[in-house]
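Participant: Input: one structure, supplied below.
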Amino acid sequence: MTEIAAASPDAAVPPQILRHDWTRNEVDALFRLPFADLIFEAQTAHRRFFDANEVQMSTLLSIKTGGCPEDCGYCPQSAKFDTGLKASKLMAVGAVLEEARRAKEAGASRYCMGAAWRSPKDRDLDQVIEMIQGVKAMGMETCVTLGMLDGDQAQRLKHAGLDYYNHNLDTSPEYYPEIISTRTYQDRLDTLANVRDAGISVCCGGIVGMGEDLDDRVGLLVTLANLPAHPESVPINLLVKVEGTALDDAAPLDPIDFVRTIAVAKIMMPASMIRLSAGREHMTDETQALCFLAGANSIFIGAKLLTTDNPEQDQDQRLFDRLGIRPMPLACEAATPAQAAE
Ligand code: SAM
Ligand code: DTB
Ligand code: SF4
């Protein structure tokens, strides 16, 4: 079996379990199930692959903030918007590793580094590679999100030992041009293919609450699940509205619709980790609990995401205690349950 296949949640799972032929009609029908039926189906799918009381914890660091040439309508880091954010250069390797050490002490098992680039330059990659090697040496999994990658860049990152690359589709192909004009949906699919071909695990999801309709949520999830292999991690972000961005007055989303999106993602990609990603700061404990019930089993911990706030860790700990949730041990994450069965 090739390295690429081994890195995929599809690797050891009979084809009848992991599907890549979802139609919009059947996914639309999932979204419209009575809530109890939907959650039951999602829990059943989740428990086939995961311990339902374990949640994986990642920490994020913005290693290069702001001044981005892209025009993603949700993003405080785009140079197109005046959000009051101060742009900064790529952080020094030593400073990143110091932050990573703190995250490890706080219990993170995966360290994700994000840069506000359209795509990395080769000399930037040299530095990021040192960061990846330093974080790996601490015993954490590594993830980076650096914008578009060509095949050679993806190979270099794989060679450096990178575990995950995050690159989101964000929304449906139809709604995408309403949100971003500086790179195409196909550009994103090409980057995902380069990452997959290099044998790096894929972290790919989207954002909910950008004024999209149900059909766009269906379109996003159908595109993700019908990729040649399901992304190992699927972050579902709730839009964080930042003043000055194009989407700062997007209509509020019914939290139940957010939970439904998580549940449908889990039913469609049961062996993948579904990450309850941005947006927890403004979510009630009860909504988060419903997300975990719907099959979300990964979060970002630490008081900051990239540039916006995230719940303080003691707040998360209290919620975990109330729900009886345990941190997922690294050994289980390193190989998803599907891979472990090989
Ligand atoms: N520049 C790189 C890129 O776009 O690929 C990496 C960083 S970018 C901030 C990573 C992802 O964060 C975006 O694709 C988007 O899904 C998410 N994101 C950015 N701003 C957000 C916001 N205000 N609310 C929710 N998610 C957001
Ligand atoms: C992802 O899907 N969500 C994270 C991570 N990938 C890089 C980023 C969320 C960013 C939220 C806005 C901010 O903090 O700037
Ligand atoms: Fe730049 Fe990424 Fe923000 Fe888009 S999402 S503006 S590419 S940092």
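Participant: Please tell me if Leu227 is touching a residue at least 24 places away in the same chain (Cβ under 8 Å), farther than 28 Å from Thr83 by Cβ and open to solvent by 40 Å² or more (accessible area, probe 1.4 Å).
Facilitator: No: the conditions fail for Leu227.
Participant: Given the criteria under 22 Å from Ala225 (Cβ atoms), surrounded by 23 or more Cβ atoms within 10 Å (Cβ to Cβ) and within 15 Å of ligand 1 (Cβ to nearest atom), does Arg260 qualify?
Facilitator: Judged against the criteria, Arg260 is not a match.
Participant: Moving on to the next point. Restricting attention to the stretch 50-57, does a residue exist that is modelled with pLDDT under 95 and either crowded, with 23+ Cβ neighbours inside 10 Å or of a type outside the set (D, E, K, R) (or both)?
Facilitator: To start, the set of residues in the stretch 50-57 that are modelled with pLDDT under 95 comprises 56-57.
Applying the additional criterion that residues be either crowded, with 23+ Cβ neighbours inside 10 Å or of a type outside the set (D, E, K, R) (or both) yields 56-57.
Within the stretch 50-57 (the criterion being modelled with pLDDT under 95 and either crowded, with 23+ Cβ neighbours inside 10 Å or of a type outside the set (D, E, K, R) (or both)), the answer is yes, since at least one residue qualifies.
Participant: Hey, another quick one. Residues of the stretch 137-150 being away from ligand 1 (no atom under 15 Å from the Cβ), among the aliphatic types (A, V, I, L, M) and surrounded by fewer than 20 Cβ atoms within 10 Å (Cβ to Cβ), which ones?
Facilitator: Ala137, Met138
Participant: Filter the helices (runs of 4 or more DSSP H) completely within the stretch 17-134 down to those with at least 2 residues that are closer than 23 Å to Cys291 by Cβ.
Facilitator: 24-31, 35-49
Participant: Quick one: which residue in Phe300, Phe320 is part of a strand (DSSP E or B) and within 24 Å of Leu61 (Cα to Cα)?
Facilitator: Phe300
Participant: Can you name the residue in the stretch 302-313 that is polar (S, T, N, Q) and open to solvent by 20 Å² or more (accessible area, probe 1.4 Å) and, of all such residues, is nearest to Thr261 (Cα to Cα)? Quick ask: steps written out before the conclusion?
Facilitator: Keep residues of the stretch 302-313 that are polar (S, T, N, Q), which gives 307-308, 310, 313.
From what is left, the residues that are open to solvent by 20 Å² or more (accessible area, probe 1.4 Å) are 307-308, 313.
Numbers: Thr307: 25, Thr308: 23, Gln313: 25 Å.
Top of the filtered list is Thr308.
Participant: What residue, among those in the stretch 151-179 that are surrounded by fewer than 21 Cβ atoms within 10 Å (Cβ to Cβ) and among the hydrophobic types (A, V, I, L, M, F, W, C), is nearest to ligand 3 (Cβ to nearest atom)?
Facilitator: Result: Ile179.
Participant: Restricting the search to the stretch 224-263, which residues are among the polar types (S, T, N, Q) and either in a helix (DSSP H, G or I) or over 13 Å from the mean Cα position of the chain (by Cα) (or both)?
Facilitator: Within the stretch 224-263, Asn226, Thr245, Thr261 qualify.
Participant: Let me ask something else about it. Pick from the stretch 114-136 the residues that are among the charged types (D, E, K, R) and within 15 Å of ligand 1 (Cβ to nearest atom): which of them is nearest to the chain's Cα centre (by Cα)?
Facilitator: Arg118
Participant: Quick check on this structure: which one of Leu276, Leu293, Leu238, Leu319 is at pLDDT 95 or above, of a type outside the set (Ser, Thr, Tyr), open to solvent by 60 Å² or more (accessible area, probe 1.4 Å) and in contact with a helix residue (DSSP H, G or I) (Cβ under 7 Å, 6 or more places away or on another chain)?
Facilitator: Matching residue, one of Leu276, Leu293, Leu238, Leu319: Leu293.
Participant: Are any residues in the stretch 208-223 of a type in the set (Val, Ile, Thr), open to solvent by less than 10 Å² (accessible area, probe 1.4 Å) and under 16 Å from the mean Cα position of the chain (by Cα), and if so, which ones?
Facilitator: Correct list: Val208 only.
Participant: Of everything in the stretch 102-136 that's over 22 Å from Phe300 (Cβ atoms) and more than 16 Å from ligand 3 (Cβ to nearest atom), which residue is most open to solvent (accessible area, probe 1.4 Å)?
Facilitator: Arg123
Participant: The conditions are (1) among the β-branched types (Val, Ile, Thr); (2) surrounded by fewer than 22 Cβ atoms within 10 Å (Cβ to Cβ); (3) closer than 22 Å to Val264 by Cα, and Ile299 fails exactly one of them. Which is it?
Facilitator: So the condition that Ile299 fails would be (2).
Participant: Moving to a separate point now. Which residue pairs have Cβ atoms under 8 Å apart, sit 6 or more places apart or on different chains, and have a first residue in the stretch 129-144 that is among the β-branched types (Val, Ile, Thr) and a second that is in a loop (DSSP other than H, G, I, E, B)?
Facilitator: Between residues of the stretch 129-144 that are among the β-branched types (Val, Ile, Thr) and residues that are in a loop (DSSP other than H, G, I, E, B), the close pairs are Ile129/Ala160; Ile132/Ala160; Ile132/Gly161; Ile132/Leu162; Thr142/Gly161; Thr142/Leu162; Thr142/Asp163; Val144/Leu162.
Participant: Could you figure out which of (1) modelled with pLDDT of 95 or more; (2) under 21 Å from Met273 (Cα atoms) isn't true of Gly161?
Facilitator: So Gly161 meets the others, but not (1).
The values are calculated or read from the model by the stated rules, or taken from the named source; none is laboratory data. The structure presented is a predicted model; accordingly, all values stated were derived computationally and were not measured. Note that each Cβ is placed from the backbone with ideal geometry, even for glycine, and that neighbours are counted across all protein chains shown. Note: accessible area is taken over every heavy atom of the protein model, side chains too, but ligands, DNA and RNA are not part of it. Shrake-Rupley method; radii C 1.70, N 1.55, O 1.52, S 1.80 Å.
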